[in-house]
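*Asks:* Have a look at the structure that comes next, please.
The values are calculated or read from the model by the stated rules, or taken from the named source; none is laboratory data. Being a predicted model, the structure only gives us computed values, none of them experimental. Every residue, glycine among them, receives a Cβ derived from its backbone with ideal geometry; neighbour counts consider all protein chains shown.
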Amino acid sequence: MDVIYLFYEKSGVKIPFYDYDPQLFTQLRSSGLGYWDSAHRNFVLEKIPSGGVKAFFSRRPFVEAGNMAGNSGEMLSVISPPPLTIDGFFYRPWESEPDSALKSALKADWFSHEWAARLETELQARKYSPKTIKAYRYYTGECCGFLQKPVEQVTSEDMRRFMAHLNSGRLYSASSINLAISAMKFFYRNVYTQHEADGTESAIEGTRRPKKDYRLPVVLDKEDVRLTLDAEENLKHRLLLTLVYSAGLRVSEAVALKVRHIDLQRKLILVASGKGRKDRYTMLARSAEDLFAEYCRVYQPKTWLFPGQHPDSHLSIRSAQKVFEHALTKAGIERAASIHGLRHSFATHLLEGGTDIRYIQDLLGHSSVKTTQRYTHVARKNALFVTSPLDAL
């Protein structure tokens, strides 16, 4: 960067990176005076360098700003060359290096390949799913990259800082923050078992989980579901959406279906290794049975019911999500729903039809009936035989 901007705030001196400057980044990172805020592309100086900030950047022009209010502030001084007039501050994407390059450099430096490999080995030995392994590696690397510390030096206070960063700077949900905590707890309890000689508390001790967000599921009414399915003219895509709704499948379960999982004689669908690596059976609707027969006659699938671009792999989850989004648009439905909303709609419509909630729990594969009970909050009350006292007057 041609000019370094210094923003004086209560949390420290913030240095925004409007461009990728590897020399400046290396200088700041090696100084040990602060940390990198990846959410805002700022380096935050928590400690003032010996000799002062000006001496630290003595060879480069910079602008100091204090009393910050939004994106403007009172100019304190300008060091030349050259003289500068600052009307405001702006964001410009880095042109010389992509953001991913910096993130990779942060993780590679602070969360070593050796620790990452040991974490993955331990997770695989305990038969964790590939998705969980990927998430645990990601959050452990994110923590070390944000703190700019190796795992051996992370403290409980550092963990609190990282969790606060996820909550405020990155706007992560409570479930994502809980996943990050689970990743760090697994690492320190099962991979990094060496304790510091001075007996200080572990990095994960005292880490509290945030209160979970409680959001009601987005449910489409029966007419919207019908319009969405009818709007999809592609036979393969229509069968995919039909099975998700008619059987209450998760999108990951639907794309991973194999031809042999459809039991036409018993009118059942086998969901193999669903969430939690559990098998279960769910219903095969009569209309879905007819659509399945037509699909097999036209496409003649071999192994995967919905093969992807390569015959040896199934359709990706993202592709299935796009199929639903396209069908929703064609149907003219403007609700902010995802393909998972078809599963929510399946459960809600069964509940409104008088199906016992325990049976719905089994069909959905919920471990606890409490998870299924949330659909009582979105089901139409008159369908649940509940009448408003106003209507009884």
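Rundown of residues vs (1) free of Cβ contacts under 8 Å to residues at least 24 places away in the same chain; (2) more than 24 Å from Lys131 (Cα to Cα); (3) of a type in the set (S, T, N, Q); (4) in contact with an Asp or Glu (Cβ under 9 Å, 6 or more places away or on another chain), yes/no style:
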position	(1), (2), (3), (4)
Val255	no, no, no, no
Ala272	yes, no, no, yes
Lys278	no, no, no, no
Met283	no, yes, no, no
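*Asks:* Taking Phe90 as meeting all but one of (1) surrounded by fewer than 10 Cβ atoms within 10 Å (Cβ to Cβ); (2) modelled with pLDDT of 80 or more; (3) not in a helix (DSSP H, G or I), write down the number of the exception.
*Replies:* Of (1) surrounded by fewer than 10 Cβ atoms within 10 Å (Cβ to Cβ); (2) modelled with pLDDT of 80 or more; (3) not in a helix (DSSP H, G or I), only one is false for Phe90: (2).
*Asks:* Next up: Return yes when Leu350 is assigned by TED's automatic domain parsing to the domain that holds His237 and closer than 20 Å to Ala231 by Cβ and no when it is not.
*Replies:* So Leu350 does not fit the description; no.
*Asks:* Moving on. It is to be established whether one or more residues within region 137-150 are closer than 18 Å to Arg208 by Cβ and at pLDDT 90 or above.
*Replies:* yes
*Asks:* Do any residues in region 368-383 that are outside any helix (DSSP H, G or I) have Cβ atoms under 7 Å from those of residues that are modelled with pLDDT of 85 or more and surrounded by 13 or more Cβ atoms within 10 Å (Cβ to Cβ), where the two are at least six apart or on different chains, and which pairs are they?
*Replies:* Val378/Pro217; Val378/Val219; Val378/Thr348; Ala379/Thr348; Ala379/Leu351; Ala379/Glu352; Arg380/Glu352
*Asks:* Next question. How do the pairs read when you match residues in region 324-348 that are farther than 15 Å from Val219 by Cα with residues anywhere that are part of a loop (DSSP other than H, G, I, E, B), using Cβ under 6 Å and keeping only pairs 6 or more apart or on different chains?
*Replies:* Final answer for the pair search is Ala327/Glu232.
*Asks:* Report, by residue number, each residue of region 220-272 that is among the aliphatic types (A, V, I, L, M) and assigned to a loop (DSSP other than H, G, I, E, B).
*Replies:* Once the filter is applied, which keeps residues that are among the aliphatic types (A, V, I, L, M) and assigned to a loop (DSSP other than H, G, I, E, B), region 220-272 yields Leu220, Leu249, Ala256, Leu257, Leu264, Ala272.
*Asks:* Right, next: Evaluate region 170-185: report whether one residue or more is touching a strand residue (DSSP E or B) at 6+ places or on another chain (Cβ under 7 Å), modelled with pLDDT under 80, more than 25 Å from Glu120 (Cα to Cα) and in the same structural domain as Arg137 (by TED's automatic domain parsing).
*Replies:* First, pick out the residues of region 170-185 that are touching a strand residue (DSSP E or B) at 6+ places or on another chain (Cβ under 7 Å): none.
Looking through region 170-185, none of the residues is touching a strand residue (DSSP E or B) at 6+ places or on another chain (Cβ under 7 Å), modelled with pLDDT under 80, more than 25 Å from Glu120 (Cα to Cα) and in the same structural domain as Arg137 (by TED's automatic domain parsing).
*Asks:* Report whether or not Leu363 is of a type outside the set (Phe, Trp, Tyr), over 21 Å from Leu235 (Cβ atoms), surrounded by 12 or more Cβ atoms within 10 Å (Cβ to Cβ) and modelled with pLDDT of 90 or more. Outline the logic, then answer.
*Replies:* Values: of a type outside the set (Phe, Trp, Tyr): yes; over 21 Å from Leu235 (Cβ atoms): yes; surrounded by 12 or more Cβ atoms within 10 Å (Cβ to Cβ): yes; modelled with pLDDT of 90 or more: yes.
Taking the combined requirement at face value, the residue satisfies it.
*Asks:* Hey, another quick one. Tell me yes or no: at least one residue of region 118-127 is modelled with pLDDT of 85 or more, outside any helix (DSSP H, G or I) and either farther than 14 Å from Tyr35 by Cβ or among the small types (Gly, Ala, Ser) (or both). Show your work before the answer.
*Replies:* In the first step, residues of region 118-127 are kept if they are modelled with pLDDT of 85 or more; the result is 118-127.
Retained after the next criterion (residues that are outside any helix (DSSP H, G or I)): 126-127.
Of the ones still in play, those that are also either farther than 14 Å from Tyr35 by Cβ or among the small types (Gly, Ala, Ser) (or both) are 126-127.
The answer is yes; a qualifying residue exists.
*Asks:* If we scan region 52-62, do we find a residue that is farther than 21 Å from His165 by Cα, modelled with pLDDT under 70 and surrounded by 18 or more Cβ atoms within 10 Å (Cβ to Cβ)?
*Replies:* Residues of region 52-62 that are farther than 21 Å from His165 by Cα, as a first pass: 52-62.
From what is left, the residues that are modelled with pLDDT under 70 are 54, 58-62.
In the following step, the residues that additionally are surrounded by 18 or more Cβ atoms within 10 Å (Cβ to Cβ) were identified as 62.
Checked region 52-62: at least one residue is farther than 21 Å from His165 by Cα, modelled with pLDDT under 70 and surrounded by 18 or more Cβ atoms within 10 Å (Cβ to Cβ).
*Asks:* Limited to region 273-315, what total is found for residues that are over 20 Å from Asp362 (Cβ atoms) and part of a loop (DSSP other than H, G, I, E, B)?
*Replies:* Adding up the residues that qualify gives 13.
*Asks:* Identify the residue in region 123-137 that is touching a residue at least 12 places away in the same chain (Cβ under 8 Å) and within 15 Å of Ile177 (Cα to Cα) and, among all such residues, is surrounded by the fewest Cβ atoms within 10 Å (Cβ to Cβ).
*Replies:* Going through the qualifying residues, I end up with Ala135.
*Asks:* Return the total of residues in region 316-339 being closer than 15 Å to Leu241 by Cα and either assigned to a loop (DSSP other than H, G, I, E, B) or touching a Pro at 6+ places or on another chain (Cβ under 9 Å) (or both). Full working, then the answer.
*Replies:* Pass one, region 316-339, residues closer than 15 Å to Leu241 by Cα: 316-331, 337-339.
If we keep only those that are either assigned to a loop (DSSP other than H, G, I, E, B) or touching a Pro at 6+ places or on another chain (Cβ under 9 Å) (or both) as well, we get 316, 331, 337-339.
Within region 316-339, residues that are closer than 15 Å to Leu241 by Cα and either assigned to a loop (DSSP other than H, G, I, E, B) or touching a Pro at 6+ places or on another chain (Cβ under 9 Å) (or both) number 5.
*Asks:* All but one of (1) out of contact with any strand residue (DSSP E or B) (no Cβ under 9 Å at 6 or more places or on another chain); (2) at pLDDT 75 or above hold for Leu33, so report the exception by its number.
*Replies:* Among (1) out of contact with any strand residue (DSSP E or B) (no Cβ under 9 Å at 6 or more places or on another chain); (2) at pLDDT 75 or above, the lone unmet condition for Leu33 is (1).
*Asks:* Okay, moving on. Checking Glu46 against (1) surrounded by 12 or more Cβ atoms within 10 Å (Cβ to Cβ); (2) over 13 Å from Ile4 (Cα atoms); (3) free of Cβ contacts under 8 Å to residues at least 60 places away in the same chain, which single condition isn't satisfied?
*Replies:* The number of the failed condition is (1).
*Asks:* From the set of residues in region 191-243 that are under 30 Å from Arg161 (Cβ atoms), surrounded by 14 or more Cβ atoms within 10 Å (Cβ to Cβ) and of a type in the set (Ser, Thr, Tyr), which is modelled with the highest pLDDT? Let's see the steps before the verdict.
*Replies:* Here is the first cut: in region 191-243, the ones under 30 Å from Arg161 (Cβ atoms) are 191-215.
Applying the additional criterion that residues be surrounded by 14 or more Cβ atoms within 10 Å (Cβ to Cβ) yields 191-192, 202-204, 207, 210.
When the remaining residues are screened for being of a type in the set (Ser, Thr, Tyr), the result is 192, 202, 207.
On the way: Tyr192: 85, Ser202: 67, Thr207: 76.
Selected residue: Tyr192.
*Asks:* Give me a count of the residues in region 293-324 that are of a type outside the set (A, V, I, L, M, F, W, C) and closer than 18 Å to Leu342 by Cα.
*Replies:* To start, the set of residues in region 293-324 that are of a type outside the set (A, V, I, L, M, F, W, C) comprises 294-295, 297, 299-303, 307-314, 316, 318-319, 321-322.
Subset that is closer than 18 Å to Leu342 by Cα: 316, 318-319, 321-322.
The number of residues fulfilling the criteria is 5.
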